[in-house]
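Presented below is the structure to which this report refers.
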Amino acid sequence: MSFSKLVAHFRDKEDFPIQIDEIVSWLTSNGFQDEISFYPVEMDSKTLRGVMTQYTRRDGVYGEPKLITDILYPKSANACWERMICCKELMHLFDTPLEKTKTSEQIDKLTSSLTSPAGKDSSPDYFAEGIAIYRALLLLAPIEIIERLRPHYDTGAKQDYDIALFLRIPEHYIGFLFSSAYMRIAHGLLGLQKIVDIETKTGS
């Protein structure tokens, strides 16, 4: 199962916003994980938004191993940021083994890169953070609905706030969703064209 199949599942959806529970249901029913849980915690959302942990659990000595994902998000986040953060962390289920952090040293290095004003490094796990954001946007704001909204956005009939409220995503991302750069990246992630020189400009 690829990411494009997940996107296709929501492509013709008419009622918005897309619910995080719907995404979780698809992921678990298609074997990506057995259980996915979300936990609001005290976290400085200005420097770090969301943490995902994956592990295997056995319920009983002879129980079958279950694939578990726990996602932590700042309890101070508003509804739109909570949805975006949780969806972005879910998208790490599509990371390749090379893109996953496995040791405490890797986690510390990634966290430092993400929270540093200088930011940026060239490691696969850092690159995966940007891709996860794009994937979350593709799910919560499918390109089909963006194209339907574009005439209203271009004429000013719908403002950033109106679109954000309709999709229930942070207003921070709305301008980017209507840019040619986003469409190029979106098509690349869906396998419609090659991704060239993607730069993570949307933050983590």
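For Lys158, the amide hydrogen comes within under 5 Å of the amide hydrogens of Tyr153, counting only partners 5 or more places away or on other chains and with H modelled in the peptide plane.
Here each label is just a point 7 Å from Cα along the line to Cβ, and for Asp21 and Ile68 those points are 2.2 nm apart.
Based on the Cβ-Cβ distance of Asp162 and Glu35, what FRET efficiency does E = 1/(1 + (r/R0)^6) give at R0 = 30 Å, to the nearest 0.05? Efficiency, rounded to the nearest 0.05: 0.25. Residues in segment 20-28 carry Karplus couplings, in order, of 4, 4, 5, 5, 4, 4, 5, 5, 6 Hz; the curve used is 6.51 cos²θ - 1.76 cosθ + 1.60 with θ = phi - 60°, and Gly or Pro positions show x. Pairs over the 24 Å Cα-Cα cut-off, from the set Lys5/Lys158; Lys13/Lys88; Lys5/Lys88: Lys5/Lys158.
Along segment 86-92 the Karplus relation, 6.51 cos²θ - 1.76 cosθ + 1.60 evaluated at θ = phi - 60°, assigns HN-Hα couplings of 5, 5, 4, 5, 4, 5, 5 Hz to successive residues, with x for each Gly and Pro. Counted residue by residue at 0.36 nm each, then reduced by the alpha carbon distance between them, the extension gain from Glu147 to Asp12 reaches 47.3 nm.
Highest mean first, the peptides 59-68, 157-166 sorted by other C-beta atoms within 10 Å per residue fall in the order 157-166, 59-68.
Every number here is computed from the coordinates shown, using simple stated rules; none is lab data. Bear in mind the structure is a predicted one, so any value in this text is a computation, not a measurement. Cβ coordinates were reconstructed from backbone atoms using ideal geometry, including for glycine residues, and neighbour counts include every protein chain displayed.
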